[in-house]
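Working notes for the structure below.
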Amino acid sequence: MKEDKIRLKKIKIGLLCDNCVGKTSICYALLNLGFTKEILSTTVTNRIETEYPLNNGNVIKLILLDIAGYERFRSIELRNIKRAHGLILMMDFTNYRSFENLDSWLKQISENNEKNIPIVLFGNKIDLPKKDWKVTVEQVKEFAKKNNLTYFETSAKTRKGVKEGFSYIVNKCYKILEE
Ligand code: G3D
Ligand code: MG
């Protein structure tokens, strides 16, 4: 019997944050490629595609779009926000600006998120010692609550929270697509 060629449903997730917060690292963490500085510093990844199993047993093609660059809000980035099924906004506990700038990211998103796609917030680099933190968990939780964002604490280094965070947003996007 000839096997049917299965065409996987695609789910696109955009990652947004200031540079150096960990977008590339968190994508690699998800892909179980490990946390290799050599790879990070030599590879420019704007788009990663991988097969991803959902909670319901279905497999989809997950496309991760690394949206931000040094020049924020270039037209290509705005187009990517419009094309995404879901967004991951990220901040780094050891970088106050990355927290402060979440407001401006949200503003840009709301101006370009016509379909009201789901957004989650990752508080990244929780493996780093607390003495280096510039923001508290309480501050981030309060921000998330105020802006109606589901929040995950993550570390691209230890991979803590990475699976959970991606699973939440991808399964949520799939559910919306199915409705
Ligand atoms: P970006 O893609 O958002 O610009 P990168 O960020 O993924 O390139 O990460 C920027 C720097 O932060 C890298 O360090 C990377 O190793 C580090 N990093 C990212 N996520 C984590 C994390 O969860 N924990 C720790 N400890 N470091 C992290 P370098 O030194 O290569 O610039
Ligand atoms: Mg990067």
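The values are calculated or read from the model by the stated rules, or taken from the named source; none is laboratory data. Predicted model only: the values in this text are computed from it and were never measured. FYI the Cβ positions are ideal-geometry reconstructions off the backbone, even for glycines, and counts take in every protein chain you see. Heads up: the accessible areas ignore ligands, DNA and RNA and are worked out on the full protein's heavy atoms, side chains in. Shrake-Rupley method; radii C 1.70, N 1.55, O 1.52, S 1.80 Å.
Any residue in segment 18-29 that's under 13 Å from Val162 (Cα atoms) and touching a residue at least 24 places away in the same chain (Cβ under 8 Å): show its pairings with residues that are more than 7 Å from ligand 1 (Cβ to nearest atom) and among the hydroxyl-bearing types (Ser, Thr, Tyr) at Cβ separation under 6 Å, as long as the two are six or more apart or on different chains.
Correct list of pairs: Thr24/Thr45.
Any residue at all in segment 77-84 that's over 20 Å from Asn147 (Cα atoms), of a type outside the set (Lys, Arg) and modelled with pLDDT of 85 or more?
no
Specify which of the listed residues (Ile169, Ile176) is aliphatic (A, V, I, L, M), assigned to a helix (DSSP H, G or I) and open to solvent by 40 Å² or more (accessible area, probe 1.4 Å).
Just one listed residue meets the conditions, Ile176.
Quickly run through segment 128-160 and pick out the residues that are in a loop (DSSP other than H, G, I, E, B), open to solvent by 40 Å² or more (accessible area, probe 1.4 Å), closer than 23 Å to Leu30 by Cβ and more than 16 Å from ligand 2 (Cβ to nearest atom).
Result: Leu128, Thr158, Arg159, Lys160.
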